[in-house]
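Visitor: Sharing a structure, written as structure tokens. Questions coming.
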Ligand code: NAI
């Protein structure tokens, strides 16, 4: 029987979430996605008008089908958390049931269960500011959108995940090494996400037989990465210095996610897997 995946953080065809969806679809999974509410309309319209058709092509020539797109804002756990200005914001007012709890309820109502949960989202409003210039509000917002969002997603989706299921998030080496430019508390948020991967692996493993892993990905020119402003430099740096001197493709991260979600990885949990052409292993630039 085919597996069903819910991938949170897909709003175009450039990011890791899209690539992971494709690799999972190529492996036979049914694809559901969670799309950030403010990006939902344009994503659905583009999908419907065929704007992504070229990037929907799978290795066997067929097109990836997204069975359903759910609106999601992962900084809100339930309707009581949503402040008035968001409720009445016209980018949100057109959608409903987009808090984490409601999204999980909707998926349960529509499909009953899932096997694979992917968290491919992050947001840090002050990411371009050095940590020393980051406000408390900006720091906490980065943690809320990029770290707690994962705790919340797993917490709410775990009850509908089948035993043997797998959960994956995306992280970045700025959590453990100094990457000037990855600011606003985003480096801190990734460190939290990685630590939580271990604790959540224990809790979800014991309670639901679900595996929890994170992929530390190399640089990709996604929408989110372009907003940080140093992505081209990071890509050039990696090509110049990594053991494998090639540009990293999103598909390579997608394929690793498909492996981690598969029975081939049935004993892997609580792990951080680098998919970065080996750059993490270098001690000096050469
Ligand atoms: P992306 O722009 O494709 O994905 C980020 C997604 O998060 C977007 O679709 C955005 O709409 C969504 N999002 C933001 N706030 C949200 C919220 N409150 N609720 C729901 N969705 C929200 O960019 P990318 O780079 O593919 O990011 C995916 C993951 O990969 C992130 O965790 C990122 O930190 C990680 N990553 C990216 C690297 C890169 O170089 N692009 C390197 C290493 C990790």
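The values are calculated or read from the model by the stated rules, or taken from the named source; none is laboratory data. Quick caveat: nothing in here was measured; it's all calculated off a predicted structure. Note that each Cβ is placed from the backbone with ideal geometry, even for glycine, and that neighbours are counted across all protein chains shown.
Visitor: Taking only pairs six or more apart or across chains, which ones have beta-carbon atoms under 8 Å, a first residue in the stretch 201-228 that is over 21 Å from residue 253 (Cα atoms), and a second residue that is in a helix (DSSP H, G or I) and within 15 Å of the ligand (Cβ to nearest atom)?
Guide: Matching pairs, first to second residue: 204/154.
Visitor: Return a yes/no flag: does the stretch 109-118 have any residue that is within 20 Å of the chain's Cα centre (by Cα), within 11 Å of the ligand (Cβ to nearest atom) and surrounded by fewer than 19 Cβ atoms within 10 Å (Cβ to Cβ).
Guide: No, the stretch 109-118 has no match at all.
Visitor: Enumerate the helices (runs of 4 or more DSSP H) found wholly within the stretch 1-101, keeping only those where 2 or more residues are near the ligand (Cβ under 9 Å from one of its atoms) and in contact with a helix residue (DSSP H, G or I) (Cβ under 7 Å, 6 or more places away or on another chain). If you could, list the steps in order and put the result at the bottom.
Guide: Details: elements: 16-26, 37-48, 84-87, 90-93.
Where helices (runs of 4 or more DSSP H) fall fully within the stretch 1-101 and carry at least 2 residues being near the ligand (Cβ under 9 Å from one of its atoms) and in contact with a helix residue (DSSP H, G or I) (Cβ under 7 Å, 6 or more places away or on another chain), they are 16-26, 37-48.
Visitor: Suppose we filter the stretch 266-275 for residues that are touching a helix residue (DSSP H, G or I) at 6+ places or on another chain (Cβ under 6 Å) and assigned to a loop (DSSP other than H, G, I, E, B); how many remain?
Guide: Counting residues in the stretch 266-275 that are touching a helix residue (DSSP H, G or I) at 6+ places or on another chain (Cβ under 6 Å) and assigned to a loop (DSSP other than H, G, I, E, B) gives 2.
Visitor: What are the residue pairs meeting all of these: first residue in the stretch 272-284, first residue touching a residue at least 24 places away in the same chain (Cβ under 8 Å) and on the phi > 0 side of the Ramachandran plot, second residue crowded, with 16+ Cβ neighbours inside 10 Å and part of a loop (DSSP other than H, G, I, E, B), Cβ atoms under 6 Å, and 6 or more apart or on different chains?
Guide: 277/218; 277/242; 277/248; 278/242
Visitor: Another question, if that's okay. Examine the stretch 142-164 for a residue that is part of a loop (DSSP other than H, G, I, E, B), free of Cβ contacts under 8 Å to residues at least 60 places away in the same chain and either out of contact with any strand residue (DSSP E or B) (no Cβ under 9 Å at 6 or more places or on another chain) or within 23 Å of residue 218 (Cα to Cα) (or both), and state whether such a residue exists.
Guide: no
Visitor: Same structure again: Considering only the stretch 119-136, state which residues are in contact (Cβ under 8 Å) with a residue 12 or more places away in the chain, farther than 23 Å from residue 217 by Cα and either near the ligand (Cβ under 10 Å from one of its atoms) or in a helix (DSSP H, G or I) (or both).
Guide: Passing the criteria: only 133.
Visitor: So which residues in the stretch 187-243 are over 15 Å from the mean Cα position of the chain (by Cα), under 19 Å from residue 260 (Cβ atoms) and part of a loop (DSSP other than H, G, I, E, B), if there are any at all?
Guide: Within the stretch 187-243, 209, 210 qualify.
Visitor: Scanning the stretch 208-235 for residues that are more than 9 Å from the ligand (Cβ to nearest atom) and at pLDDT below 95, which turns out surrounded by the fewest Cβ atoms within 10 Å (Cβ to Cβ)? Lay out the reasoning, then the answer.
Guide: First pass over the stretch 208-235, keeping only residues more than 9 Å from the ligand (Cβ to nearest atom): 208-214, 229-230, 232-233.
Narrowing further to those that are at pLDDT below 95: 229-230.
Working: 229: 11, 230: 16.
Of everything passing the filter in the stretch 208-235, 229 is surrounded by the fewest Cβ atoms within 10 Å (Cβ to Cβ).
Residues are listed down the side, and each one gets a yes or a no for (1) under 25 Å from residue 26 (Cβ atoms); (2) out of contact with any helix residue (DSSP H, G or I) (no Cβ under 8 Å at 6 or more places or on another chain):
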site	(1), (2)
167	yes, no
180	no, yes
187	no, no
204	no, no
218	yes, no
242	no, no
252	yes, yes
264	yes, yes
277	yes, no
